[in-house]
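To start, the structure under review is shown below, and the notes come after it.
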Amino acid sequence: MAAPLATADSPVQTIVAVDDQPEVLALLGEVFRARGRAYQPFSDGEAAIAYVAAHQSEVVLVVLDLELGAGKRGGIELLGDLRAAHPDLPVIILTGNATVDAAVRAVKAGATDFLVKDMYLEDTLDVSVEKIERMLAHIRERRRLEGENVALRNANRALREEADRRLQFVAEAASMQEIREKIERISQLSRPVLVLGERGTGKELVAAAIHRLSPRANGPFITINCAAVTETLLESELFGHEQGAFTGATKRKEGKFELADGGTMFLDEVGNMTPEFQTKILRVLEYQRFERVAGSKTISVDVRVVAATNEDMEKAMAEGRFRRDLYDRLAFEVIRLPPLRTRREDIPALAAHFLAQFRAEVPHVSARVISAEALARLMRYDFPGNVRELKNVVERAAYGCDRPALDERAVERALPPEPPSKTPAGGSRAARGVEGNLPPEFSDDPALPLPERVAAFERALVKDALLRAKNKQREAAELLGMSYDQFRHLYRKYGMKDGGLA
């Protein structure tokens, strides 16, 4: 183990010297004690090596004589031992017969300095020690900075792991990594966010992640599905009402906006609001003020709004079903969640995640892993219900499976029947191998960990698609049901070479 260098605050800073001349040891003692250092002289090198090993936290410098007499190891040999055990410990070599060859040997062996024992030794030793102390100061500073950098890297890694946990982020697709970065950026600003995507793509999870990563994380997170409530009740749900505001209003009720004060409001399916009601939402977004139904008191709140819809907003605005000024207000940042069928490379990781979740929630589930054939079947399905549907399929399959590995039969039973218009035997084009089987080069080795089996399967799919597309990447991407950019991500991930298959 390397001897740690003493810091300026160390209680003891000892310099060890080894020389066969008592007068030289005495001179060294005068120089070092004058500099406020403890001093330990030796005439025997082996004893000095043992002392350094026993007091490595205190020793800051060793001075070695080049020649220690007949039958004894000299300074170069002792230096080799010190360098092996204490690589950062400064060592000065002294000699009474200076030669270029001796100096070169000393430096190559790792000496910090090489000094001649002449009439000027006291002065040159003073200069050398001064230089070494500056070097030690630089080393201490470098180590301090390295320690801070390591601590910062560890802290950043911990923050990213915590962010992933809080985001519930399970994704490999490049498009989803971009979305994660966008979530992390926008979460720090108290501005509206509009989340667009098909049903089941995880819009509410994105809204919750924005809240959890934001400075409002300790405040409330209030949700409402605007499509599930009639317009009359929606106004009461959002803004509250006074007693007697309508039949059945027997007492005052606080609305969702009041409950979300200091936190985040998630307006799901905001595209289902009528244009008239959209005007009221716009006013709250603009001024953070409103009145309860049948109330006269203006209520002020501090609420960050995240809205979501699966509507085609451009079409809705063109048809007059959605106010453009409300869209502009909500769309300070727009997050578009891609459907699962366009990022099939995420299916294996998501399926494994949902299986692990289900096993944690439900006792006595037999399936611990997902077989390659089951993954292949999942990859062939288009999942119109997206991630939510994948979760339900995995849970149904695991519930009905009595084997350690979730097999294709259990998945097939859990999937809804495909319409007869679907691609015949072998499923959809995406992820289908030759004649609908697994890609020819894929071998399901149960001894491999699941991530390696998934990676092997993905790579085989990409290679199979390239073979069938005659190495034309855009056509291969189309065969797999993904965009060219998504295909290129997998192409580079598995080290394939432009101009030919790897």
If you go through 322, 246, 290, 257, the only one that is without any contact (Cβ under 8 Å) to a residue 60 or more places away in the chain, surrounded by fewer than 17 Cβ atoms within 10 Å (Cβ to Cβ) and either assigned by TED's automatic domain parsing to the domain that holds residue 197 or under 22 Å from residue 214 (Cβ atoms) (or both) is 246
Within region 268-306, the residues that are in contact with a Gly (Cβ under 9 Å, 6 or more places away or on another chain), under 19 Å from residue 204 (Cα atoms) and not charged (D, E, K, R) are 303
Any residue in region 472-490 that's touching a residue at least 60 places away in the same chain (Cβ under 8 Å): show its pairings with residues that are aromatic (Phe, Trp, Tyr) at Cβ separation under 9 Å, as long as the two are six or more apart or on different chains.
480/487
Output for region 260-280, where each listed residue is within 36 Å of the chain's Cα centre (by Cα) and either closer than 14 Å to residue 303 by Cβ or without any contact (Cβ under 8 Å) to a residue 60 or more places away in the chain (or both)
260, 261, 262, 263, 264, 265, 266, 267, 269, 271
Determine which member of the set 80, 96, 36 is assigned by TED's automatic domain parsing to the domain that holds residue 119 and either over 50 Å from the mean Cα position of the chain (by Cα) or closer than 17 Å to residue 116 by Cα (or both).
96
Hits in region 339-386 - residues which are farther than 19 Å from residue 487 by Cα and charged (D, E, K, R):
359, 361, 368, 373, 377
Among (1) at pLDDT 90 or above; (2) small (Gly, Ala, Ser); (3) in contact with an Asp or Glu (Cβ under 9 Å, 6 or more places away or on another chain); (4) within 11 Å of residue 337 (Cβ to Cβ), there is one condition residue 190 misses while meeting the rest; what is its number?
(4)
Looking at 101, 81, 123, 118, which one is of a type in the set (Asp, Glu) and in contact (Cβ under 8 Å) with a residue 24 or more places away in the chain?
81
Determine if region 296-310 includes at least one residue that is in the same structural domain as residue 211 (by TED's automatic domain parsing), over 23 Å from residue 227 (Cβ atoms) and surrounded by 15 or more Cβ atoms within 10 Å (Cβ to Cβ).
yes
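Rundown of residues vs (1) of a type outside the set (Gly, Ala, Ser); (2) outside any helix (DSSP H, G or I), yes/no style:
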| site | (1), (2) |
| --- | --- |
| 314 | yes, no |
| 322 | yes, yes |
| 326 | yes, no |
| 346 | yes, no |
| 357 | yes, no |
| 360 | no, no |
| 375 | yes, no |
Could you tell me how many of the residues in region 50-75 are under 15 Å from residue 15 (Cβ atoms) and not in a loop (DSSP other than H, G, I, E, B)?
9
Odd one out for residue 171, checked against (1) surrounded by 17 or more Cβ atoms within 10 Å (Cβ to Cβ); (2) aliphatic (A, V, I, L, M); (3) at pLDDT 80 or above; (4) out of contact with any Ser or Thr (no Cβ under 7 Å at 6 or more places or on another chain)
(3)
Condition check for residue 345: in the same structural domain as residue 194 (by TED's automatic domain parsing) and either touching a Lys or Arg at 6+ places or on another chain (Cβ under 7 Å) or modelled with pLDDT under 95 (or both):
no
Could you list, ordered by first residue, the pairs with Cβ atoms under 7 Å in which the first is in region 378-397 and closer than 16 Å to residue 345 by Cα and the second is basic (Lys, Arg), at least 6 apart or interchain?
379/344; 380/432; 382/341; 383/341; 386/199
Could you list, in sequence order, the residues of region 67-94 that are surrounded by fewer than 20 Cβ atoms within 10 Å (Cβ to Cβ) and touching a strand residue (DSSP E or B) at 6+ places or on another chain (Cβ under 9 Å)?
67, 74, 76, 83
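The values are calculated or read from the model by the stated rules, or taken from the named source; none is laboratory data. Just so it is clear, the structure is predicted and the values come from calculations on it, not from any experiment. Here the Cβ is made from the backbone with ideal geometry for all residues, glycine too, and neighbour counts use every protein chain on show.
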